[in-house]
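What follows is a set of notes on a single structure, which appears directly below.
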């Protein structure tokens, strides 16, 4: 049986994770043009939709990223090499696998809400991942819906051009059942 000390330790660790992700984390949805892959099931619309939860740190603080990986027991720590005027590479704890997002990351942050505006980004991220789970990203209509949600996330990048292309220039595709 777990003692009170262990429960206290887990609460402290949970609080640290929430604060750390509030400051350094990102829930993102991206679109990758796959015009030459329309014959593949996941690219019928000509776009691949990618989802990712990531936390970034410099090499000096990489141990924090391994703590996240050990806590969640999913994802990986990867290097983001920099060749600009920065002296050290960045490292990222990333979770991209949909099943890991749906079964581990999303439930954790639903039970332990973030305290900054990142909470709204998280909620929109959840909407998009759930739409993808249900196959909506495989249809033009669903892809437009996901793009409209993502244009209000993070730095609020405009997806107007993407949405315009999808509405006006992408041929209708059969829904994949």
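Which of the following residues is under 17 Å from the mean Cα position of the chain (by Cα) and at pLDDT below 95: 89, 51, 137? Break it down stepwise before answering.
Working: 89 fails: under 17 Å from the mean Cα position of the chain (by Cα); 51 fails: at pLDDT below 95.
Criteria check complete, one pass: 137.
Residue 100 passes all but one of (1) over 18 Å from residue 51 (Cα atoms); (2) at pLDDT 85 or above; (3) surrounded by fewer than 17 Cβ atoms within 10 Å (Cβ to Cβ); which number fails? Evaluating residue 100 over (1) over 18 Å from residue 51 (Cα atoms); (2) at pLDDT 85 or above; (3) surrounded by fewer than 17 Cβ atoms within 10 Å (Cβ to Cβ) leaves (1) as the failure. Among the residues making up the range 105-119, those that are surrounded by fewer than 18 Cβ atoms within 10 Å (Cβ to Cβ), touching a residue at least 12 places away in the same chain (Cβ under 8 Å) and part of a helix (DSSP H, G or I) are 108, 110.
The residues of the range 1-25 that are within 15 Å of residue 108 (Cα to Cα) and either surrounded by 13 or more Cβ atoms within 10 Å (Cβ to Cβ) or at pLDDT 85 or above (or both), listed by number, are 13, 14, 15, 16, 17, 18, 19, 20, 21, 22, 25.
As for the range 75-83, it holds at least one residue that is buried (at least 18 other Cβ atoms within 10 Å of the Cβ), touching a helix residue (DSSP H, G or I) at 6+ places or on another chain (Cβ under 8 Å), modelled with pLDDT of 95 or more and closer than 25 Å to residue 31 by Cα. Just one of the listed residues (94, 129, 78, 74) is at negative phi and part of a helix (DSSP H, G or I), namely 129.
The values are calculated or read from the model by the stated rules, or taken from the named source; none is laboratory data. Only a predicted model underlies this, so the values are computations on that prediction, with no experimental measurement involved. So basically every Cβ, Gly included, is an ideal-geometry build from the backbone, and we count neighbours across all protein chains shown.
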